[in-house]
Amino acid sequence: MTNLWEFFTNKSEEAKGDAVVEGNAFSLTKVLVVLVPVVTSVGTWAVNQLREVEFSSGQITAMVIAVIAFVAVAVAADVLARAVATSAERMAGGRLHVVNLKTPIQGRLENTGRDEKVSVIAIADADPLEYLVLHTGSDGSRTATLEPFDKVELGVN
């Protein structure tokens, strides 16, 4: 087994193989699975030390239901949060790092019909590599699009 930090953050090899939620978020579910028996044992010991306190069966049932409800809500929130993290990571399309260029690089975008002069303003580390290019319309309007590196020729005026 890998170290505990990798286990609790879902970065271990075991977690990568069968993970539904792939975000490297901290797994509160795993922590609760470890801590609930410990807290229950300590709580039982503490209640046994109090000789004058008597709980009715209804009160005991209510406490058990409250603990189960707490764990269920915490686990659901944990899974939902890690699912959102996974979704955000996938929406980025693998573009985890973007290098912004201080000075735009002039280039030419290969289009069907005619090529277009563009300015490359950033580079994304997607697979394949992508450029963030700035298009200038005939009316002076500007739009930015991500284009694959093989469709953009750099250093062309």
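The values are calculated or read from the model by the stated rules, or taken from the named source; none is laboratory data. Computed from a predicted model, the values in this text were never measured in an experiment. Reconstructed Cβ throughout: ideal geometry from the backbone, glycine too, with neighbour counts over all protein chains shown. Side chains are part of the model used for accessible areas, which takes the heavy atoms of the whole protein and leaves out ligands, DNA and RNA. Shrake-Rupley method; radii C 1.70, N 1.55, O 1.52, S 1.80 Å.
Of all the strands (runs of 3 or more DSSP E) wholly in region 38-157, which have at least 1 residues that are open to solvent by 90 Å² or more (accessible area, probe 1.4 Å) and over 30 Å from residue 28 (Cα atoms)? Walk me through how you get there before you give the answer.
Working: elements: 98-109, 116-124, 130-136, 142-148, 152-154.
Once the strands (runs of 3 or more DSSP E) in region 38-157 are filtered for at least 1 residues that are open to solvent by 90 Å² or more (accessible area, probe 1.4 Å) and over 30 Å from residue 28 (Cα atoms), what remains is 98-109, 116-124, 142-148.
List every residue pair whose Cβ atoms lie under 9 Å apart, where the two residues are 6 or more positions apart in sequence or sit on different chains, the first residue falls within region 60-82 and is closer than 23 Å to residue 47 by Cβ, and the second residue, located anywhere, is among the aromatic types (Phe, Trp, Tyr) and surrounded by 15 or more Cβ atoms within 10 Å (Cβ to Cβ).
Once the first residue is closer than 23 Å to residue 47 by Cβ and sits in region 60-82, no partner that is among the aromatic types (Phe, Trp, Tyr) and surrounded by 15 or more Cβ atoms within 10 Å (Cβ to Cβ) comes close enough.
Mind counting the residues in region 115-135 that are in contact with a Lys or Arg (Cβ under 9 Å, 6 or more places away or on another chain) and at pLDDT below 85?
4
With in contact with a helix residue (DSSP H, G or I) (Cβ under 8 Å, 6 or more places away or on another chain) and modelled with pLDDT under 85 as the only criterion, which of 156, 99, 79 stands out? Lay out the reasoning, then the answer.
Numbers: 156 fails: in contact with a helix residue (DSSP H, G or I) (Cβ under 8 Å, 6 or more places away or on another chain); 99 fails: in contact with a helix residue (DSSP H, G or I) (Cβ under 8 Å, 6 or more places away or on another chain).
Of the residues listed, the single one that is in contact with a helix residue (DSSP H, G or I) (Cβ under 8 Å, 6 or more places away or on another chain) and modelled with pLDDT under 85 is 79.
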